[in-house]
Amino acid sequence: MKTLYLFFSLFLALSSYGQTKTYLDGNYKPEKGGAIYIAQHTHVVDNINPIANPNAEIRNVILMIGDGMGVAQVFAGMTANNDRLYIDQMPVVGFQKTKAKKKYRTDSAAAGSALATGKKTHYTSISVDEEGNPNPTILEYASGNGYATGLVVACKVTHATPAVFIAHVSKRNQYEDIAKFFVSDSIDVFFGGGSDDFFKRKSGGNLRSALKAKGFQIVQQMDSLSVIKRGKVAGLFAGGHMDSYPERGEFLPNASNKAIEILNQDDRGFFMMIEGSQIDWACHDNDLAYEVREMLDFDRTVGEVLKFAAQDGHTLVIVTADHETGGMSVINGDPAHGMVEAKFNTGGHSSLMVPVFAYGPGAEKFSGIYENTAIFDKMMEAFGFNK
């Protein structure tokens with residue numbers, strides 16, 4: 001038995017040695033401060049057809065936010081996924097500047113508020129002005145004009161990025177106050193974690209009855225979601241945040257597809273925001289493996305959305321970030337073997353511009369370099385809304 005064990009150990013060691021020798025620089029060792037990751041959860045990227053009529057009427061707008069996702073985060077995912085992502089196939093690329101009001105480096109609350117409302121606000125503020133008055137959001141404009149609306153996130157729905165589209169509070173950590181804004185006629189579907197902020201509130205006042213009074217079907221198990229075909233749905237699948245990938249499984253692409261299925265029944269059209277929430281957390285942790293896994297999960301979700309948009313022909317898809325996290329740089333890689341090497345320069349946010357990718361009718365409006373507030377303006381124009 002000992003001989004068999006030693007033989008097996010030697011086999012693994014030689015196999016690993018042989019694999020490392022296939023990298024671009026031979027028997028490669030990471031630079032000081034760098035990390036190497038070999039992707040374990042890659043995906044095949046199908047070809048997405050171009051939009052048949054780029055001038056078609058826009059019925060739906062889907063905004064996808066990779067929280068903390070800069071160019072390096074995208075490129076790390078691309079390298080790990082054998083040099084190809086679904087994002088690659090989005091024909092229009094631009095850049096947006098992320099600074100907050102009176103602060104060069106932003107957070108998700110201020111940056112998300114700029115995307116959602118078209119107005120700069122202060123660090124940690126959720127879609128309010130300097131006096132704390134609400135700034136209306138693109139989701140609220142869409143609902144007010146008769147469109148269906150939805151949010152799908154890989155964190156809790158009361159976290160900063162989803163909150164900026166439906167809530168108006170001075171501090172992003174007012175989670176139980178934010179939850180009250182979901183008891184609303186403005187939103188039709190929301191999927192993520194955060195059930196404790198609704199049903200186990202420290203301040204009291206369980207919101208289950210209030211949600212039901214607004215017509216929401218409350219779902220807390222993904223298996224139960226499959227039987228729901230229409231109507232208002234509050235999907236709260238964790239007490240706090242959702243698990244990281246792969247522990248949460250294919251939640252993000254599956255929940256996004258279900259939200260599209262429900263929202264697309266609206267005759268007018270819909271607005272939806274989908275967030276790859278934990279790219280940011282991975283980069284705060286300077287954890288390359290975590291970042292790549294979350295980036296590829298987000299890209300699989302982008303793929304599902306692009307497949308819908310290509311078939312529909314009337315859907316504008318925008319993929320961007322709220323800010324960059326970690327000051328990440330990609331140093332080396334081997335796409336053929338899914339190996340990427342990267343470094344992080346900070347455990348916080350950087351002030352870098354972040355990319356904007358667009359697909360569908362109206363996509364050409366998103367090229368160039370502009371402030372993050374312009375994303376809101378371009379979405380308003382796409383829908384034909386007046387402020």
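No lab work stands behind these numbers, since they all come straight from the coordinates. Nothing here was measured: the structure is a model prediction, and the numbers come from that model. Here the Cβ positions follow ideal geometry from the backbone for every residue, glycine too, while neighbour counts run over all protein chains shown.
Count charges around GLU247 for me, please; just the other residues with Cβ under 14 Å from its Cβ, Lys/Arg as +1, Asp/Glu as -1. For residues surrounding GLU247, the net value is -2. Each of TYR104, TYR370, TYR175 was scored by other Cβ atoms within 10 Å of its Cβ. Listed from fewest to most, they are TYR104, TYR370, TYR175. The modelled label-to-label distance between ALA52 and GLN221, using points 7 Å beyond Cα along the C-beta direction, is 4.2 nm. For the pair LYS200 and LYS119, a Förster radius of 41 Å applied to the C-beta separation gives a FRET efficiency near 0.75, rounded to the nearest 0.05. Here the dipole of the chain is about 700 debye; that uses its Cα centre as origin and unit charges on the Cβ of Lys and Arg (positive) and Asp and Glu (negative). Computed over the chain, the alpha-carbon pair-distance distribution with 10 angstrom bins reads 5, 24, 33, 23, 9, 4, 1, 0, each value a whole percent.
Comparing SER244, SER203, SER256 in a Gaussian network model of the chain, where Cα atoms under 10 Å apart are tied by springs, the biggest mean-square fluctuation is seen for SER203.
Note on GLU247 and LYS171: the model spin-label points, each 7 Å out from Cα along the C-beta direction, lie 2.8 nm apart. Taking the DSSP bridge list for the chain and keeping only pairs wholly inside it, about 40 percent are antiparallel. Here the translational diffusion coefficient of segment 188-228 follows from Stokes-Einstein with Rh set to the Kirkwood radius across Cα pairs; for 4 °C and 1.567 mPa s it amounts to 115 µm²/s. Going by alpha carbons, how many degrees (0 to 90, nearest 10) lie between the helix axis of 373-383 and the longest principal axis of the chain? Around 60 degrees separate the two axes.
Rounded to the nearest 0.05, what FRET efficiency do ASP88 and SER209 have when you use their Cβ-Cβ distance and R0 = 35 Å? So, using R0 = 35 Å, E works out to roughly 0.15. Pull up the cross-link candidates among the lysines for LYS101, meaning alpha carbon to alpha carbon under 19 Å and not fewer than 8 places away within one chain. Cross-link targets: LYS119, LYS120, LYS171. In this label model, ARG268 and ILE228 are separated by 2.1 nm, measuring between points 7 Å along each Cα→Cβ vector. Each Lys or Arg adds one and each Asp or Glu subtracts one; over the other residues with Cβ under 12 Å from the Cβ of ALA142, this totals -1.
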